[in-house]
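In what follows, a single structure is set out as structure tokens and then discussed.
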Amino acid sequence: MSTLSGRCFCGEVQFEVTGAPAAMGYCHCESCRHWSAGPVNAFTLWKPESLKITRGASSIGTYNKTPISYRKWCTHCGGHLFTEHPTMGLVDVYAATLPQLKFEPALHVNYQESVLRINDGKPKMKDMPQEMGGSGVVLAE
Ligand SMILES: [Zn+2]
Ligand SMILES: [Zn+2]
């Protein structure tokens, strides 16, 4: 199994993910945009046991606005790390924190909230796929 290493902006917090992600794509939701201060969030979803903190665990801050997403960052540099989704049983390790990852986005989620249209031919889910508790409705690009 392959292991990829990731780190926060300053390197205080370091981690590894092992195996393959359950899903990769882009989230356009207002929460991701507001928290990241970016127009879209490139996500990679993993089983929680695939993620191991190898350094700086005590420097990880947590904030949850909703019970769905526990957002994590480095308390030294403020760099974002990952978001736990306990109700989904998955953790979103931001693609940007995994430089060795071959990012292969399969879909866009929460596209109804998009502020940045991306014409890449990938499915544009109105909210979330049905298997992840959404409507499964696909929108035009
Ligand atoms: Zn840091
Ligand atoms: Zn989102």
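To the nearest 20 Debye, how big is the dipole of the chain about its Cα centre, given +1 on the beta carbon of each Lys and Arg and -1 on that of each Asp and Glu? With only Lys, Arg, Asp and Glu charged at Cβ, the dipole is about 200 debye. From most to least packed by mean Cβ count within 10 Å, the peptides 19-27, 131-139 give 19-27, 131-139.
Working with all protein chains in place, sort E141, E104 by solvent-accessible area computed with a 1.4 Å probe, largest first.
Numbers: E141 80, E104 105 Å².
Solvent-accessible surface, decreasing: E104, E141.
Averaging Cα coordinates gives a centre for the range 1-56 and one for the range 101-122; these two points are 16 Å apart. Per residue of the chain, the DSSP helices (runs of n ≥ 4 H) give a summed -39500 (n - 2.57) that works out to -1000 deg cm²/dmol at 222 nm. Can you tell which of G61, F43, I118 lies farthest toward the positive end of the dipole of the chain, using +1 and -1 charges on the Cβ of basic and acidic side chains (Lys, Arg; Asp, Glu)? The Cα lying farthest towards the positive end belongs to G61. Stretching the chain fully between T3 and S135 yields a gain of 44.2 nm (0.36 nm per residue, less the alpha carbon separation). Within the assembled protein chains, the solvent-accessible surface assigned to L51 is about 30 Å², based on a 1.4 Å probe. Per residue, the solvent-accessible area of the chain (1.4 Å probe, heavy atoms of protein chains only, all protein chains present) comes to 53 Å².
Surface composition of the chain: carbon and sulfur atoms hold 54% of the protein heavy-atom accessible area at a 1.4 Å probe.
In the range 1-73, the alpha-carbon atoms span a convex hull of 107 Å³ per residue.
Any number yet on Rg/Rh for the chain, C-alpha, Kirkwood? If you can, show how the numbers build up before the last one.
Working: Rg = 14.7 Å, Rh = 15.4 Å.
The Rg/Rh ratio comes out at 0.95.
The values are calculated or read from the model by the stated rules, or taken from the named source; none is laboratory data. Predicted, not measured: the structure shown is a model, and the values here were computed from it. Heads up, the Cβs are rebuilt from the backbone with ideal geometry, glycines too, and the neighbour counts pull from every protein chain shown. Protein only, heavy atoms only, side chains kept; ligands, DNA and RNA dropped before computing areas. Shrake-Rupley method; radii C 1.70, N 1.55, O 1.52, S 1.80 Å.
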